[in-house]
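The next block holds one structure in the form of structure tokens; read it before the comments.
The values are calculated or read from the model by the stated rules, or taken from the named source; none is laboratory data. Model, not experiment: these values are computed from the prediction. A quick note on method: Cβ atoms are made from the backbone with ideal geometry, for glycine too, and the neighbour counts reach across all protein chains shown. Each accessible area value is taken on the protein alone, full model and side chains, heavy atoms only, with ligands, DNA and RNA left out. Shrake-Rupley method; radii C 1.70, N 1.55, O 1.52, S 1.80 Å.
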Amino acid sequence: MNIQKGKSEFLMGIDKIEQLISWLNEHPFISGVAFIGRSNVGKSSLINSLFGKSTARVSKTPGRTRQVNIFSFVVFNKETKTEESFYLFDVPGYGHADVSKEMAKNWQDLLDTFFQLCSEKILLLNIQDSRHPLQEPDMIFHDYIKSFDLETYLLFNKVDKLKTQSERSQLKNRMPAIYQKFKWVKQIHFTSAEKGDGLLGVEQSIIEFVMREPPI
Ligand SMILES: Nc1nc2c(ncn2[C@@H]2O[C@H](COP(=O)(O)OP(=O)(O)O)[C@@H](O)[C@H]2O)c(=O)[nH]1
Ligand SMILES: [Mg+2]
């Protein structure tokens, strides 16, 4: 099975709480995946690499995604030759020091609404920068998110920027601590949206999750 790269579509961007509440209430049992992480870690780049070129906008300026962006994507089953559609969410980042209080509050309200009302069949992909794992905003986010009981995978992106052997082994050495800190995280992936490292594994994990039969 694979994600049909040319068939992902942008559906809408929502920045108003009321609109997000009604959209999520109208779509109670949907299956899909949500990308969340601090700005500039490569969420939009990963979305483009996994779901098709220019599905999401890539920004050179951190902090541009101020809304929950909703997309659809298509999984193709080679054996049965059938296609199935799912939802993809690019959720605003967290941990900004440089936005107004009002904006930070609106962001937090969007996040609260999203995580309270989204279907249990949404897989959460938390993206972090592999050069700076376990940043304080990421730890605070994980304390917050674990109460929602959503299946969560961690992606350490930009591994291509770990140029030296010592940088790579530094991350490796921290893995036991990382596993310990993120006990509720079911999978950890190392990716490069730019060079393609780890993306096949992430694609298969996404497919496995969305195609999973619900427990009886
Ligand atoms: N070297 C490298 N750069 C990346 C990678 N992923 C994203 N970037 C760059 O990081 C910047 C922010 O990416 P973007 O996808 O907009 O991050 P977002 O704010 O999390 O959505 C852009 O300049 C990207 O080209 C990666 O895996 N490797
Ligand atoms: Mg983005």
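Which residue, Asp129, Asp143, Asp15, tops the fluctuation ranking in a GNM of the chain built on C-alpha contacts under 10 Å?
So, out of Asp129, Asp143, Asp15, the one fluctuating most is Asp143.
With a 1.4 Å probe and all protein chains left in place, how much of the accessible area of region 2-211 comes from carbon and sulfur atoms, in whole percent? Working shown, then result.
Working: 5330 of 10790 Å².
Summing carbon and sulfur atoms, their accessible area is 49 percent of the total for region 2-211.
Can you give the % of DSSP beta bridges in the chain that are antiparallel, to the nearest 5?
Numbers: 16 of 36 bridges.
If I count the DSSP bridges inside the chain, around 45 percent turn out antiparallel.
Calculated FRET efficiency, Glu120 and Gln165, Cβ-Cβ r, R0 45 Å, to nearest 0.05?
0.60
What distance in nm lies between label points placed 7 Å from Cα along the C-beta direction at Glu194 and Phe10?
Reported label-point gap for Glu194 and Phe10 is 2.4 nm.
Can you give the helix-only mean residue ellipticity at 222 nm for the chain, where every DSSP H stretch with n ≥ 4 adds -39500 (n - 2.57) and the sum goes over all residues, rounded to the nearest 500 deg cm²/dmol?
Value at 222 nm, helices only, nearest 500: -11000 deg cm²/dmol.
Could you work out how much longer the chain between Ser100 and Glu26 gets when fully extended? Use 0.36 nm per residue separation minus the Cα distance between them, nm to one decimal.
23.5 nm
Just to check, using Stokes-Einstein with a Kirkwood Rh over alpha carbon pairs, what's the diffusion coefficient of the chain at 4 °C and 1.567 mPa s in µm²/s?
Here the translational diffusion coefficient equals 73 µm²/s.
What ranking, highest mean first, results for peptides 83-93, 202-212 when packing means the other Cβ atoms within 10 Å averaged over each residue?
Going by the mean number of other Cβ atoms within 10 Å, highest first, we get 83-93, 202-212.
For Lys5, which lysines qualify as cross-link partners when the Cα separation must be under 19 Å and same-chain residues fewer than eight apart are set aside?
By straight Cα distance, Lys5 reaches Lys43, Lys53, Lys78, Lys81, Lys195.
Taking only C-alpha pairs under 8 Å that are 6+ residues apart, what is the relative contact order of the chain in percent?
Reported relative contact order: 25 percent.
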